[in-house]
1. Does residue 58 fit the bill of being modelled with pLDDT under 85 and out of contact with any strand residue (DSSP E or B) (no Cβ under 7 Å at 6 or more places or on another chain)?
2. Which members of segment 96-112 meet the condition of being assigned to a helix (DSSP H, G or I) and either at pLDDT 75 or above or of a type in the set (A, V, I, L, M, F, W, C) (or both)?
Amino acid sequence: MKKTLADLALERGRLTERIGVQRAALAHQLVPFQRAAATSDKVSAFVARCVVYARQHPLLMAGGLGLLAVLKPRRSLRWVQRGVVLWRTWKAVQTWKPQAMLAVVARLRRFI
């Protein structure tokens, strides 16, 4: 059976619309992967900057490693852990929104 030009145009329009819907759904489903890719890009850029800095300041890096050897690795690791906890706490405080803080205060008022 031969399709008329109008039928072909109608079918093409339907297919185009279907493709658009599928593309939108795919873009929505890929958002978490895009975030992960952006995060990995940021991490690799940070590592690259650190490598460049270390190559530009070799005496500073040697001094830091010497200090690490003098202070004993366990003590240094403990200070690094404290720094990471402090940094994560700071990031968590930065992400708080005023409405969330007000909700916490409102909850606390009920108990007081």
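The values are calculated or read from the model by the stated rules, or taken from the named source; none is laboratory data. Here the structure is a predicted model, which means the values were calculated and not measured. Neighbour counts are summed over all protein chains in view; Cβ atoms, including those assigned to glycine, are modelled from backbone coordinates with ideal geometry.
1. Details: modelled with pLDDT under 85: no; out of contact with any strand residue (DSSP E or B) (no Cβ under 7 Å at 6 or more places or on another chain): yes.
Judged against the criteria, residue 58 is not a match.
2. Residues satisfying the conditions are 100, 101, 102, 103, 104, 105, 106, 108, 111.
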